[in-house]
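Engineer: Below: one structure in structure tokens.
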Amino acid sequence: MGPDLSPARIRADADVLRTRRAAWDVLVIGGGITGVGVALDAASRGLSVALVEAHDLGFGTSRWSSKLVHGGLRYLASARVQIAWESAHERHHLMTTIAPHLISPMAQLVPHHAAAADDDWRDRLSVTAGSALVGAGFAVGDLLRRSAGTPSSTLASPSRVGPGEVLAACPTVTAEGLRGGWLAYDGQLIDDARLVVAVARTAAAHGALILPRHRAQEVTGRGARITDTRDGTTFSVSARAVINATGVWAATVDDSIAMRPSRGTHLVIDAAAMGNPTAALTVPVRGSRSRFVFALPAQLGRVYVGLTDVEAPGPIPDVARGTEDEIDHILDTINQTLIRPLTRADVRGTFAGLRPLLDQEPRGRRRSTAEASRDHTVSVNSDGVITVVGGKLTTYRMMARDAVDAAVRLRSLAAYPCVTDAIPLVGARGPAQTGRVLPASLVARYGAEAARVVEQATVSSPLSPIAPGIDVTRAEIEFAVTCEGALDTDDVLHRRTRIGLVDADAEAARPAITHIVDQAGAAFAG
């Protein structure tokens, strides 16, 4: 089977799910990065797999990350060596084999400013010690890189840089008192939602059914009642193993799970407002050894500035929203190092995600969510539902592996060992261009599939931008529908592209996207 999630394939797979009498080996609930990772892991082991997602692929937390595939450096500050080690090794697999086309080395810069002239000796000592601690942390992070086998040609070793190099990389850093800084490298995704889609399509190529707009209810360890949200029809699906990979919604499927979500908020800034930085400016949060605010250069001429880590109690919203206090906190922290402070007028958009943290501590002795464990957990409830929760984007493959291992043990499934550390995602292998010059932005988003995106396009002016000033081409919009499972305009705006992160961009692009979506959908319907 191929990797394309065309409208015709989604309809055909929906018919199979509805009419199949035999039990699936694995039914996966949830189409975020963990769920699609589980589908790929199980399908690549020779198991029959169906994945259902109530909304769209990457609808929840998976699209609201910092877009980093990072080596877990911040976890070293709180002595969480195991998760830092795991993160470094999973980053290695992602950057060298699984998705090198979607991940680039990102320079991470921590400026070092001298203490102010009127500071007392304690403040001066704190500034000096802080810089030394950053350097030591980067050195340990580099040891993790080497232990994972990641070559320096992929991620260079950290170094001390002078004031001129700091200002060249981050031009709006204040030069007053600037002594230089520390420069290290980590992995940066072109887009987290695109990673989800790539994993889902790779799972489909291994035979998994990937079905958005299918809500699971009445979930047991042997199946679920499924509702096709497009037409309201309901039917039963049986499975030998059921894996709950719904993230922050895990407790709605398995009420034995207690969640303690925390919210991470980012601001979207025009890159020009920060002098078009080429490195991620990294500023420690006052009073914390492991929290930072990052200004991350991103696609579409933006910088993402974040992030927060605050309690998010109450009902889980479909789309989380940052608070005014969080916006102020981010601006106040990043402005400590800027010659021209960012203001609310510079904020073009915001986005926030909820971390799927387990509630594992007594209320009277709870740590802050920033200190709560990022380890993942696989559990089986009394009804036999397997739930995988916690973790983080970088370690999704390990989470998926452990969940499928649990299913294999619980139900005695005949399965091959896990091989996902050696499976390249669609677009990871092959020439990105064949006989024509393609936009660098398109190649960054599609890798080896970039030429195909254009060559199979039927829209007029396939390489023209979808709207002025937005470097997403018309061909990419059509490809989202014909090959990537997008079913409507919002799927394209918010999860196959990130145009929707800025409301004004979404408004400008919506008419043209809607026209192409309708045309592509009609062609398949015909």
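Nothing in this text is a laboratory measurement; each read-out follows from the coordinates by a stated rule. Bear in mind the structure is a predicted one, so any value in this text is a computation, not a measurement. We place every Cβ from the backbone using ideal geometry, glycine too, and count neighbours over all the protein chains shown.
Engineer: Taking amide hydrogens as modeled 1.01 Å from N in the peptide plane, which residues meet the under 5 Å criterion relative to LEU5, leaving out close sequence neighbours?
Structural biologist: Correct list: GLU484, GLY485.
Engineer: According to the Kirkwood expression over distinct Cα-Cα pairs, how big is the hydrodynamic radius of region 399-480, in Å?
Structural biologist: About 15.3 Å for region 399-480.
Engineer: Further question: Roughly how tilted is helix 7-19, in degrees to the nearest 10 and between 0 and 90, from the longest Cα axis of the chain?
Structural biologist: 60 degrees
Engineer: Just to check I understand the Karplus step: with θ = phi - 60° and J = 6.51 cos²θ - 1.76 cosθ + 1.60, what whole-Hz values come out for region 177-182, glycine and proline as x?
Structural biologist: Along region 177-182, the couplings run x, 6, 9, x, x, 10 Hz.
Engineer: Going by alpha carbons, how many degrees (0 to 90, nearest 10) lie between the helix axis of 81-93 and the longest principal axis of the chain?
Structural biologist: Between helix and principal axis, roughly 70 degrees.
Engineer: Same structure, new question: For region 234-319, what is one quarter of the convex hull surface built on the Cα atoms, given in nm²?
Structural biologist: Convex hull of Cα atoms, orientation-averaged projection: 10.0 nm².
Engineer: Express in nm, to one decimal, how much length is gained between LEU463 and GLU311 on full extension, taking 0.36 nm for each residue of separation and deducting their alpha carbon distance.
Structural biologist: Length difference between fully extended and current span is 50.3 nm.
Engineer: Then there is this: Please report the Cα spread of the chain along all three principal axes, rounded to whole Å, starting with the longest.
Structural biologist: 77, 58, 42
Engineer: Here's a follow-up. Report the gain in length on full extension from THR514 to LEU133: 0.36 nm times residue separation, minus Cα-Cα distance, nm rounded to one decimal.
Structural biologist: 132.0 nm
Engineer: Residue by residue through region 61-72, what is 3J(HN,Hα) from phi via Karplus (6.51 cos²θ - 1.76 cosθ + 1.60, θ = phi - 60°)? Round to whole Hz and write x for glycine and proline.
Structural biologist: 4, 4, 9, 10, 7, 7, 6, 10, 10, 10, x, x
Engineer: While we're on this one: Using modelled backbone amide H atoms (1.01 Å from N, in-plane), which distant-in-sequence or interchain residues come within less than 5 Å of GLN108's amide H?
Structural biologist: The answer is ALA184, TYR185, ASP186, ALA280.
Engineer: Suppose every K and R has +1 on its Cβ and every D and E has -1 on its Cβ; what is the size of the dipole of the chain about the Cα centre, in Debye to the nearest 20?
Structural biologist: 1080 debye
Engineer: Additional query: Fewest first, what order do LEU143, LEU51, LEU342 take by the number of other Cβ atoms within 10 Å?
Structural biologist: If I rank by nearby Cβ atoms, fewest first, I get LEU143, LEU342, LEU51.
Engineer: I need the P(r) histogram for region 1-104: all alpha carbon pairs, bin width 5 Å from 0 out to the longest distance, whole percents.
Structural biologist: Reading upward from the zero bin: 2, 10, 13, 20, 19, 14, 9, 6, 4, 2, 0.
Engineer: Helix 503-525: angle to the longest alpha-carbon principal axis of the chain, degrees 0 to 90, nearest 10?
Structural biologist: It works out to around 20 degrees.
Engineer: If you don't mind, there's one more thing I want to ask. How much length is gained on full extension from SER382 to THR278, taking 0.36 nm per residue of separation minus their Cα-Cα distance?
Structural biologist: Length difference between fully extended and current span is 32.3 nm.
Engineer: Where does region 371-526 land on the Kirkwood hydrodynamic radius, alpha-carbon pairs, in angstrom?
Structural biologist: Evaluated over region 371-526, this radius sits at 18.5 Å.
Engineer: Could you calculate the FRET efficiency of ALA23 with ALA258 from 1/(1 + (r/R0)^6), where r is the beta carbon distance between them and R0 is 30 Å, rounded to 0.05?
Structural biologist: Taking R0 as 30 Å, the efficiency between ALA23 and ALA258 is 0.50.
Engineer: Moving on. Expressed as a rounded percentage, what relative contact order does region 440-525 have, with Cα pairs under 8 Å and six or more residues apart?
Structural biologist: After rounding, I find 24 percent.
Engineer: Continuing with this model, one more query. Give me, ordered by chain and number, the residues 5 or more places off HIS113 or on other chains with an amide H under 5 Å from its own placed amide H.
Structural biologist: The list, which skips near neighbours in sequence, is ARG179.
Engineer: How big, on average over all directions, is the shadow cast by the Cα convex hull of region 440-525, in nm²?
Structural biologist: Mean shadow area of the hull around the Cα atoms is 5.0 nm².
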